[in-house]
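The values are calculated or read from the model by the stated rules, or taken from the named source; none is laboratory data. Being a predicted model, the structure only gives us computed values, none of them experimental. Here the Cβ positions follow ideal geometry from the backbone for every residue, glycine too, while neighbour counts run over all protein chains shown. Surface accessibility is based on the protein's heavy atoms, side chains included, excluding ligands, DNA and RNA. Shrake-Rupley method; radii C 1.70, N 1.55, O 1.52, S 1.80 Å.
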Amino acid sequence: RVAAVLGGVLLPAAARAQAERLAGRLDERTRVAVAAVVDSARAAGVPADPLVNKALEGASKGADGARIVTAVRALAGDLTRARAALGGSATDAELVAGAAALRAGATPAFVERLRGEYPRAPLVVPLAVMADLVARGVPADTAARSVLALARAGVREAELVAFRQSVERDIALGAPAGAAAALRVNAAERDLANTLSGQPPSSQPPRPRKP
């Protein structure tokens with residue numbers, strides 16, 4: 001009962017704070033439309049702050065009201081899909097990272113599998129790595145398979161970040177994005193297998209050549 005009362009007090013306070021952030025930054029018609037999306041998302045258990053931030057970002061860039069509302073609605077949809085894939089226990093940061101991965105081309109099935117394959121919560125880093133790889137030109141399905149393969153191999157967050165950086169370096173040197181990711185995954189899996197068996201890590205994989 002106490003939790004319910006506190007929730008009733010804090011939720012309107014949060015809503016008022018978000019409304020104040022939008023006031024003066026959006027025209028009234030846009031503000032009302034964005035507020036409606038935010039209210040619906042909040043009722044569905046989706047974090048509202050990323051939606052408010054998206055609207056303010058659009059206003060800062062001079063986007064018109066229609067584009068701002070469209071962008072906020074799209075993000076709300078991505079966050080809702082991320083919530084469905086990650087489950088009710090997902091943190092706000094995981095939902096934002098999951099939404100970014102979905103926008104990058106990940107499937108809800110990938111996000112669900114990652115929850116089971118990567119026991120080290122939270123999932124922010126592996127989801128962000130997947131989205132970053134796509135941003136660098138790696139096909140979405142290749143990026144998803146790479147992250148899942150590394151998750152199954154038991155890599156840690158720092159190793160995932162190092163993998164992404166290695167792929168980015170290879171791409172910057174002219175390697176095809178998909179081939180760079182595949183080679184680096186194979187090398188990481190070999191190194192982990194060698195470590196578990198007590199053998200020294202393998203040498204760096206050859207960088208894929210330009211076609």
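The listed peptides 50-63, 73-86, ordered by packing as a protection proxy, come out as 73-86, 50-63 (highest mean of other Cβ atoms within 10 Å first). Taken per residue, the accessible surface of the range 50-153 reaches 43 Å², heavy atoms only and a 1.4 Å probe. In the range 98-178, the portion of solvent-accessible area held by carbon and sulfur atoms comes to 54 percent [1.4 Å probe, whole percent, DNA, RNA and ligands not counted]. Across the range 32-125, the volume of the C-alpha convex hull divided among the residues equals 87 Å³ per residue. Working note: Cα gyration tensor of the range 91-168, eigenvalues times five, square-rooted, sorted largest first, giving semi-axes of 15, 15, 11 Å. Within the shell of other residues whose beta carbon sits under 9 angstrom from the beta carbon of VAL124, the net charge comes to -2, with Lys and Arg scored +1 and Asp and Glu -1.
Inter-label distance, LYS61 to ASP49: 2.1 nm, where each label sits 7 Å from its Cα along the C-beta direction.
Per 0.36 nm of contour for each residue apart, how much would the distance between ALA135 and ARG156 grow if the chain were fully extended, relative to their Cα-Cα spacing?
Here the answer is 5.4 nm.
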